[in-house]
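The values are calculated or read from the model by the stated rules, or taken from the named source; none is laboratory data. Because the structure is a prediction, the values reported are computed rather than measured. With ideal geometry, Cβ positions are generated from the backbone for all residues, glycine too; neighbour counts draw on all protein chains shown.
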Amino acid sequence: MEKNSNILNRLDWLTVLLWGTMMIMGWLNIYAAVYNEEYTSIFDMSQRYGKQLLFIVAALILAIFVLVTDNKLYYFFAWFIYGIFIFLLVLVLLIGNEINGAKAWFELGPFGLQPSEFAKVATGLALASYLNSKRQAIGFRTMLSATSIIMAPVLLIALQPDMGSVITYFAFFIVLFREGMSIYVFISALLAVVLFLLTLIFGTVPVALGLIILSFAALWIFIRNLQVLMALGVMAGAGALSYLIGHYLFGAGVDVVIVAAVMLSGAVYAWYLYRYRLKMALIIYTFLLGGILFLFTVDYAFNEILKPHQQTRINILLGMEDDPYGTGYNLNQSLISIGSGGFAGKGYLNGTQTKFKFVPEQSTDFIFCTVGEEWGFIGSVVVIGLFVVLLLRLVMLAERQRTTFVRAYGYGVFALFLVHFFVNIGMTIGVMPVIGIPIPFFSYGGSSLWGFTILLFVFLRLDAGRAEYLG
């Protein structure tokens, strides 16, 4: 009893207040989003708003259960919990219920349970446990093992397929960055995103040629000597030879010729790198080769992995396609809905776009449209402000921890909330592709609400017991 009393005294009540406020605001907006004049009671269990109330009560029970659980359970059983949810992700592929083309749910009577939402907690705990066992900065081997922890659930979720959830798991790389991952790895990931977008817009060959030109320029800027000029000459010669042989004798496409030229010239170029110990040249060449090989995976990833409607959404976002009455309908109606709210909004339950259900998935992925239309700019700023305060609070709590385990887990919570918040609101206002992920505590759904609640309260419980030694 005394121990539980100490936990309550040390609990970060500001974060608890933010959690409760956002849940209630979410419930009220779900009521507005799916309001039915035949079922006006917000407590009607036959409607989504009634069911959401049950989810909120269950979330409250889960929060209490997490708080009264001993801290050591999360530390010592992190890998066991991770293993259970990896098993569930495999099991859902075998016996799960398919909804909207994704086999991601267990059917439990009138409700569905999505294990990928809870697997975020397990992945965060396992990653934190692994990083806690390493007392040195993150090197290549540590980076590889940590990446494997993240990618195991990612690959299983991709098989469902649920690409929206897949994207959110990459938030865990923010944890690695905080714990000492090289800034160059982080920059490389950002460059990969830029190259991906440039390839979709301009095509593979022009971007590859641009990379080659930039690499030559970098070599000249950083290493101005005769050997580099000779190496560049060899690369150019190898490129011409590859083009003549590949294109004219074998009929290979320009893309194959470019890869062959860079790899062939690299074999000759390696001698110069070894002979004159030109480390910068090696870095530049590695970047060039890696960049070009990455470019030629973009076409496969875009056309073979993504579904047609996902491809169209990205094309619409990049301005390469216009489909306001087809795939782009959701985004178009979302912008109309938010824009119609003006400065102060149309008033609660007075949203015409909401009332006449112009925006699909209005109570889940596009719940922010209801906020924008009925509460206007003021309400939107309030909601965004609540999330900003929560995110800043999570960083502050994470930074005051005494162990790597709790700090790393805290940053995992922060990263997941950040990605969900940024992507969800971004897609409703047209700065992110429509990929279908919920906004924490606002979107309808039990799995989402419970998953975020457990994720948050495990961290609050660890923070409240930070005086305890966890190893």
Do we have LEU293 as at pLDDT 70 or above and within 28 Å of ALA158 (Cα to Cα) here?
yes
Only one of THR147, THR123 is farther than 21 Å from ILE437 by Cβ and among the polar types (S, T, N, Q). Can you tell me which?
THR147
Kindly indicate the residue of segment 397-415 that is touching a Lys or Arg at 6+ places or on another chain (Cβ under 6 Å) and assigned to a helix (DSSP H, G or I) and also farthest from LYS120 (Cα to Cα) among those meeting that condition.
ALA398
Let me confirm something: among THR327, THR370, which residue is closer than 27 Å to TYR49 by Cα and either touching a Lys or Arg at 6+ places or on another chain (Cβ under 8 Å) or modelled with pLDDT of 85 or more (or both)?
THR370
Those residues that are part of a loop (DSSP other than H, G, I, E, B) and either crowded, with 24+ Cβ neighbours inside 10 Å or not assigned by TED's automatic domain parsing to the domain that holds LEU390 (or both), I need them from segment 441-464; list them, please.
PHE441, PHE442, SER443, TYR444
Could you list, in sequence order, all residues of segment 182-219 that are part of a helix (DSSP H, G or I) and not hydrophobic (A, V, I, L, M, F, W, C)?
TYR184, SER188, THR199, THR204, PRO206, GLY210, SER215
What pairs come up if the first residue lies in segment 419-430 and is farther than 13 Å from GLN333 by Cβ, the second is not aliphatic (A, V, I, L, M), and their beta carbons are under 6 Å apart, counting only those six or more places apart or on different chains?
VAL419/THR168; HIS420/PRO440; PHE421/PHE387; ILE425/PHE368
Got at least one residue in segment 111-123 being at pLDDT below 95, under 17 Å from LEU449 (Cα atoms) and of a type in the set (Ser, Thr, Tyr)?
yes
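For (1) among the β-branched types (Val, Ile, Thr); (2) over 21 Å from ASN424 (Cα atoms), each residue gets a yes or a no:
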{"residue": "LEU125", "(1), (2)": "no, yes"}
{"residue": "LYS134", "(1), (2)": "no, yes"}
{"residue": "VAL166", "(1), (2)": "yes, no"}
{"residue": "PHE170", "(1), (2)": "no, no"}
In this structure, does ILE95 turn out to be out of contact with any strand residue (DSSP E or B) (no Cβ under 9 Å at 6 or more places or on another chain) and either touching a residue at least 24 places away in the same chain (Cβ under 8 Å) or within 22 Å of VAL166 (Cβ to Cβ) (or both)?
no
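Each row is one residue, and each column tells you yes or no for (1) out of contact with any Ser or Thr (no Cβ under 8 Å at 6 or more places or on another chain); (2) assigned to a helix (DSSP H, G or I).
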site	(1), (2)
ILE30	no, yes
MET45	yes, no
LYS51	yes, yes
PHE55	yes, yes
ILE64	yes, yes
TRP79	no, yes
Members of segment 11-47 found to be surrounded by 15 or more Cβ atoms within 10 Å (Cβ to Cβ) and charged (D, E, K, R), listed by number:
ASP12, ASP44
Regarding segment 65-76, can at least one residue be identified that is surrounded by 13 or more Cβ atoms within 10 Å (Cβ to Cβ) and without any contact (Cβ under 8 Å) to a residue 12 or more places away in the chain?
yes
Taking segment 122-181 as the region of interest, how many residues are outside any helix (DSSP H, G or I), hydrophobic (A, V, I, L, M, F, W, C) and surrounded by fewer than 17 Cβ atoms within 10 Å (Cβ to Cβ)?
2
